[in-house]
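Each remark here refers to the structure printed beneath this line.
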Amino acid sequence: MLMRIGGKDTAGPDDRWIDVKNPATGVLIDRVPSGTSEDVAHAVEVADAASHGWKKTPMRERGIILFHAAGLVREQHKEIAQLLTMEQGKPLRESIDEVRGFANILEYYAGISAHSSGEAIRLGPSGDCMVVQEPLGICGAIIPWNMPVIILGWKIGPALLAGNTMVVKPASTTPLSSLRLAAILDKAGLPPGVLNMVTGSGESVGGAIVRHPLIRKVSFTGNCITGEKIRQNASGQLKDLTLELGGSDPMIVMDDADIDRAVEGALRGRFYNAGQVCTAVKRLYVHDKIADIFVRKLKGRVESLKTGNGLEPGIDLGPMNSAEQRERISCMVSDLMEKGEGTILTGGCPMPGPSYDNGYFYSPTLVTGVHPGASLLTEEIFGPVLPVMSVPDLDTAILEANRSRYGLGASIWTKDLATTKRVFDQVNAGIIWVNRHLTIPPEIPFGGMNESGIGRENGSHARESYSRTKTLFLGW
Ligand code: NAD
């Protein structure tokens, strides 16, 4: 596939390409241009030219285009989901969820297009003020490979509705579904140049987006190290940044919880997308009184998960997205074993057997008795490995939950309102779920505290984050 610039499929300047392979089989699916800073400069020029007209288009009309695009995505959701599974690895039903989730996001922003924000302030006899929101101009978006479709929606939905034009860089291993969606948005009526997509490496294309002086805001999702690099590269330009970074979400299960429901919550919370979700359950704290039965049930469910090529029916767990990601997880588990810092209850190795040889499969893994300082607890585990710790009471659970440099999400599983309130007040996280984990509908603001990031995506907050405030003072 080619890049999308100015509403057209666009080749790179030379004959350099990035291969896109299926992580379940290693088979080449397609290739995309390995773009450069010149491609970014061209996309910015085109986005700049489109900016004036898009800004003047009434918000309701912008919303109608998003709504129309959502309809086209729904019509084509099976093919897009298939493409997503082929490049990313996740089971087809998860890809279908994700593509429908993308349509939900566009529909949500279309829905709020009739409610533009602003206010009037009466100052008394001396004057009145009118405060309005206007678009920032050109915005950059840098997308990771783990949930590439939904995260694309989180960025382009609010930014386009707010009247910005965009230059987007998809992740190098998952550009195909994004390019397909960009073409659909163009077909739905986005004027040429409003949404541009440049493929290429993080350093060249991502770096050029971050440094370009005409790009007023960059919204980045990815790991903390890249986030920090982006912050440094953007410094000196007064550029607006949203950084959605890593997480190490704790899940706390109290002794009054519905155990079966919590077991299913932990299973989905950790093993969805082979554990490659920023808000996955990455540390599980279970009350002593129920720990034995909880762990026994969870182990049974983990061992029942079917791992394989996401395109095959009945698969619960696909491969990891790349050899590099699997290697990172393998190293974390081996390090834990070598140091004697935990006990593997099940899994703990790449999936054995010839049917897994060509893909990046890792066996769903449960670990208990993990030492508090082990890297499995202090670092983000971006794969299907779940450490389970038992705790004597809520105070200890809260203390352990907060023993992290991250602060993305957390969940508490209980029937007690007072317990819920204490966790809500005391745990450092951008979102606290109660008897749930992972669910993020488009209406709710989402983002992290501490090293999990800056800014919020989703909801009307996000539209405002892609806008600037302008005030008219009427002096009487
Ligand atoms: P990554 O940081 O390696 O890559 C993300 C994107 O940044 C890719 O498109 C990459 O090409 C680009 N990039 C790399 N170097 C760059 C540079 N120097 N300048 C500009 N762009 C650059 O992240 P990843 O490993 O692909 O994604 C996984 C991480 O993302 C995990 O840590 C996960 O928790 C996090 N994540 C966070 C959220 C959230 O909302 N907080 C959501 C999903 C994923």
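Structure above, values below:
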read-out: Residue in the stretch 267-274 that is in a strand (DSSP E or B), surrounded by 24 or more Cβ atoms within 10 Å (Cβ to Cβ) and within 16 Å of the ligand (Cβ to nearest atom) present; value: no
read-out: Subset of the stretch 397-413 (residues that are among the polar types (S, T, N, Q), assigned to a loop (DSSP other than H, G, I, E, B) and buried (at least 23 other Cβ atoms within 10 Å of the Cβ)); value: Ser404
read-out: Single match in Val253, Val210, Val205 (criterion: more than 10 Å from the ligand (Cβ to nearest atom), in contact with a strand residue (DSSP E or B) (Cβ under 8 Å, 6 or more places away or on another chain) and either closer than 27 Å to Tyr285 by Cα or aliphatic (A, V, I, L, M) (or both)); value: Val253
read-out: Candidates Arg296, Arg283 - the one that is assigned to a helix (DSSP H, G or I) and farther than 29 Å from Ile96 by Cβ; value: Arg296
read-out: Failed condition for Gly222, given (1) free of Cβ contacts under 8 Å to residues at least 24 places away in the same chain; (2) within 8 Å of the ligand (Cβ to nearest atom); (3) small (Gly, Ala, Ser); value: (1)
read-out: Selected residue (only one of Leu28, Leu84 is surrounded by fewer than 19 Cβ atoms within 10 Å (Cβ to Cβ) and closer than 18 Å to Thr174 by Cβ); value: Leu28
read-out: Single match in Pro441, Pro387 (criterion: touching a residue at least 60 places away in the same chain (Cβ under 8 Å), surrounded by fewer than 16 Cβ atoms within 10 Å (Cβ to Cβ) and away from the ligand (no atom under 12 Å from the Cβ)); value: Pro441
read-out: Out of Ala141, Ala171, sole residue that is in a strand (DSSP E or B), closer than 18 Å to Leu245 by Cα and within 16 Å of the ligand (Cβ to nearest atom); value: Ala141
read-out: Residues that are near the ligand (Cβ under 6 Å from one of its atoms), under 29 Å from Leu386 (Cβ atoms), not hydrophobic (A, V, I, L, M, F, W, C) and not in a strand (DSSP E or B), drawn from the stretch 225-248; value: Thr226, Gly246, Gly247
read-out: Strands (runs of 3 or more DSSP E) contained entirely in the stretch 1-104, each with at least 3 residues that are more than 30 Å from Arg270 (Cβ to Cβ) and not polar (S, T, N, Q); value: 3-5, 17-21, 28-33
read-out: Check on Val40, more than 16 Å from Ala183 (Cα to Cα) and modelled with pLDDT of 95 or more; value: yes
read-out: Pairs with Cβ under 8 Å, 6+ apart, first in the stretch 170-197 and under 16 Å from Lys8 (Cβ atoms), second among the polar types (S, T, N, Q) and in a helix (DSSP H, G or I); value: Met197/Ser178
read-out: Any chance Ser34 is within 20 Å of Leu152 (Cα to Cα), crowded, with 23+ Cβ neighbours inside 10 Å and of a type in the set (S, T, N, Q); value: no
read-out: So Glu312, is it modelled with pLDDT of 95 or more and more than 16 Å from the ligand (Cβ to nearest atom); value: yes
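Results for (1) surrounded by 21 or more Cβ atoms within 10 Å (Cβ to Cβ); (2) farther than 27 Å from Gly26 by Cβ; (3) under 28 Å from the mean Cα position of the chain (by Cα); (4) aliphatic (A, V, I, L, M), shown as yes or no for each residue.
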site: Arg328; (1), (2), (3), (4): no, no, yes, no
site: Lys339; (1), (2), (3), (4): no, yes, no, no
site: Leu345; (1), (2), (3), (4): no, yes, no, yes
site: Tyr356; (1), (2), (3), (4): no, no, yes, no
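Here is a yes/no grid of residues against (1) under 28 Å from Ile315 (Cα atoms); (2) touching a helix residue (DSSP H, G or I) at 6+ places or on another chain (Cβ under 7 Å); (3) surrounded by 23 or more Cβ atoms within 10 Å (Cβ to Cβ); (4) without any contact (Cβ under 8 Å) to a residue 24 or more places away in the chain:
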| residue | (1), (2), (3), (4) |
| --- | --- |
| Met351 | yes, no, no, no |
| Gly359 | yes, no, yes, no |
| Thr368 | yes, yes, no, no |
| Ser375 | no, yes, no, no |
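The values are calculated or read from the model by the stated rules, or taken from the named source; none is laboratory data. What you are looking at is a predicted structure, and each value in this text was computed from that prediction instead of being measured. Cβ: placed from backbone, ideal geometry, glycine included. Neighbour counts: every protein chain shown.
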